[in-house]
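**Q** Sharing a structure here in structure tokens format.
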Amino acid sequence: MEKEEFVYLISEKMKLVRTEQGFSQDKMSEILGISKKTLVQIEKRRTEANWTIVVAFCALFNHSQLLISSIGDNPVDFVQLIASKNGGMPKEKTLGGKIWWKEIEYRGEFRLQQNLISNHYRILDQYDYRWHSSFNKEESLSRLNELHAVETIEIDKGIGIYEE
């Protein structure tokens, strides 16, 4: 998903999320730091939110079930993925992809998954930590092979990836 598509998607969902959260237009515009007029224009689909509003919205409402189900992932993680475009995201714990993800490939303790909604890829380890995210399958497969190679070398040398 490209940045423009994401902005469009989030702009489209703003009114629904506002309603889900039980906020008035006045309160929502105050939370987002925009005028009520701007919010009304976005909600009526006369204009789209800009990138800054989208990022703030995703950060503030990252636990919205409606937003999560529209994207298939944590909204903040998705913003980071789009912003970085290179998938260089910090390693963090995930839920393991039980709902929105399908398994694509396995290499040792690592697995490549694809999101069922956005179609982006991520690599998780055996403990469900994220090591990589990207929209590019070939790049993700290459990174999966790199991680597996490092894992294999460390096992051969008696070095663990995880400190216990």
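**Q** If I take all pairs of Cα atoms in region 50-145, what percentage of them are more than 19 Å from each other?
**A** Above the 19 Å cut-off, region 50-145 has 38 percent of its Cα pairs.
**Q** Next question. Nearest 20 debye, what's the magnitude of the dipole of region 15-117 about its Cα centre given +1 on Lys and Arg Cβ and -1 on Asp and Glu Cβ?
**A** 260 debye
**Q** Could you compute the FRET efficiency for residue 149 and residue 93, with r as their C-beta to C-beta distance and R0 at 22 Å, rounded to 0.05?
**A** Efficiency computed from Cβ-Cβ geometry: 0.40.
**Q** Run the simple label-point estimate for residue 5 and residue 60 please: 7 Å along Cα→C-beta, distance reported in nm.
**A** The answer from the label model is 2.7 nm.
**Q** Further question on the same structure: By how many nm would the segment from residue 19 to residue 52 lengthen if fully extended, with 0.36 nm per residue of separation less the alpha-carbon distance?
**A** Full-extension gain reported as 9.8 nm.
**Q** Helix 3-21 versus the longest principal axis of the chain: what is the Cα-based angle in degrees, 0 to 90, to the nearest 10?
**A** Rounded to the nearest ten degrees, it is 60.
**Q** Can you give the accessible area of residue 122, probe radius 1.4 Å, in Å² rounded to 10?
**A** 10 Å²
**Q** At 1.4 Å probe size, with every protein chain present, just tell me what the per residue accessible area of the chain comes to in Å².
**A** 55 Å²
**Q** Return the equivalent ellipsoid semi-axes of the chain as a descending list in whole Å, where each equals the square root of 5 times an eigenvalue of the C-alpha gyration tensor.
**A** 37, 14, 13
**Q** Between residue 35 and residue 119, what is 0.36 nm times their sequence separation minus the Cα-Cα distance? Round to one decimal in nm.
**A** Stretched out fully, the residue 35 to residue 119 stretch lengthens by 26.8 nm.
The values are calculated or read from the model by the stated rules, or taken from the named source; none is laboratory data. Quick caveat, the model's predicted, so the values are computed rather than measured. Glycine also receives a Cβ, built like all others from the backbone with ideal geometry; neighbour counts cover every protein chain displayed. We work out accessible area using only protein heavy atoms, side chains counted, and drop any ligands, DNA or RNA first. Shrake-Rupley method; radii C 1.70, N 1.55, O 1.52, S 1.80 Å.
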